[in-house]
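S.K.: This structure is in structure tokens; I'll ask about it shortly.
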Amino acid sequence: MKPIEVNERFTLSKIVSDSLRQFIIENNLSTGDKLPSERDLARMFDVSRVIVREALRSLESTGILSIRHGEGAFVNTDDTSVIFNNLLFFWQLNDDKSGELFELRHLLEKSAIEQLIAKGDTDRLHKLEDIIIEMSKIDDTLQFKTLDIEFHKALIQATENDLFIQLMDIITQYFSGVSHSHMNQDNRNKTVYEHKLILKALKDKDVKLALHYLNEHLQNSLGAVNKH
């Protein structure tokens, strides 16, 4: 790594943190690997240890590093919760993002349906069916909404893609604060019916029809959210 130029010093801690990210990538470091000491890093980047310490703390705040007192800084790539929580916070600050989040959710569930049918995962279909049965029995709005979320999470879990699952988790967290006042009995019945249509298409291995019903269902959900 080349020393940092003097004319870059106005953003030293930012430059060092970016350089440390690159150092981790270039050296193929993974969770549990220890970074060089503050003294060695300061020498490597030709900066003070104070600047190095600020850069390390910045990376710790993003979840990339774990700093252990008296031991040093360790790579922490397995824990993505901080990154996803920051993403959730960004979305919560931008109320106009609901449409974009529904588009992302649509893409995730579209992929899930395609994979579910391709794999012929009958156990997953049984789980979806059990959730629908429970939903049809529930009168409580909050419990119904919880089961509705579980239905869509079960779809995403069919992908066995950790990134998809984590994205779906924060999408559902984002919408958890939305009013459920529109969830009267008629709307609950409609939701159950739409879930049944999706499930039947999945059982019939009809990708095109399953995606059609999914699109209708999500459009109806988005319309209800926008009204409230």
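Where a number appears in this text, it was derived from the coordinates with a stated rule and is not lab data. Here the structure is a predicted model, which means the values were calculated and not measured.
S.K.: List the aspartates and glutamates whose alpha-carbon lies under 14 Å from that of K208, not counting same-chain residues fewer than 8 positions away?
M.R.: E109, E114, E216
S.K.: Mind checking which lysines have their C-alpha under 19 Å from K14, skipping anything on the same chain fewer than 8 residues away?
M.R.: K2
S.K.: Hey, another quick one. Using only DSSP helix segments of four residues or longer, with each worth -39500 (n - 2.57), what per-residue ellipticity at 222 nm results for the chain after dividing by its residue count and rounding to 500?
M.R.: Taking each H run of at least 4 residues, the total per residue is -23000 deg cm²/dmol.
S.K.: When the Karplus curve 6.51 cos²θ - 1.76 cosθ + 1.60 is applied with θ = phi - 60°, which whole-Hz ³J(HN,Hα) does each residue of the stretch 46-60 get, with x for Gly and Pro?
M.R.: Values per residue, Gly and Pro as x: 6, 9, 6, 5, 4, 5, 4, 4, 4, 5, 5, 5, 4, 5, 5 Hz.
S.K.: On a 0 to 90 degree scale, rounded to 10, what angle separates helix 207-227 from the longest Cα axis of the chain?
M.R.: Taking the Cα atoms of the chain, the angle to 207-227 is about 80 degrees.
S.K.: Right, here's the next one. Read through the labelled values (1) 1, 6, 12, 14, 13, 10, 9, 7, 8, 7, 6, 4, 2, 0; (2) 1, 6, 11, 14, 15, 14, 12, 10, 9, 6, 3, 0, 0; (3) 1, 6, 13, 17, 19, 16, 13, 8, 4, 1, 0, 0 and report the label of the one computed as P(r) over Cα pairs in 5 Å bins from 0, in percent from the structure.
M.R.: For P(r) over Cα pairs in 5 Å bins from 0, in percent, the calculated option is (1).
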